[in-house]
1. Counting only protein heavy atoms, what percent of the accessible surface of the chain is carbon or sulfur at a 1.4 Å probe?
2. In degrees, nearest 10, range 0 to 90: what is the angle between the Cα axis of helix 16-48 and the longest Cα principal axis of the chain?
3. Rounded to the nearest whole Å², what accessible area per residue is found for the chain with the 1.4 Å probe?
4. Using the alpha carbons of the chain, what is the convex hull volume per residue in cubic angstrom, as a whole number?
Amino acid sequence: MSFAAWIKEHYDEKGPVAWLALFLEGVSALVLFGLMALTCVDVVGRYLFNSPLHGGTEL
C-alpha cells in the first residue's frame, strides 16, 4: 500500500487538507515528545545530579 493510499484510507478529509492534517498531527506529536523529554531531563537532573534544568519550570 502506498503512502497516499494509506492517507486516503485513514482520513475523511479530501485533497490537501488530509496532508495538512497529517503534517499538523506530526508537529503536535513532536512538540509533545519534546515536552516529555524536557520533563524527564529535568527530573533526572534534579534527583540524580542535584541540578535541575534551568528554566524548566517556566517551559
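The values are calculated or read from the model by the stated rules, or taken from the named source; none is laboratory data. The structure presented is a predicted model; accordingly, all values stated were derived computationally and were not measured. Please note that ligands, DNA and RNA were not included when accessible areas were found on the heavy atoms of the full protein model with its side chains. Shrake-Rupley method; radii C 1.70, N 1.55, O 1.52, S 1.80 Å.
1. Carbon and sulfur together cover 71 percent of it.
2. Between helix and principal axis, roughly 10 degrees.
3. 85 Å²
4. 108 Å³
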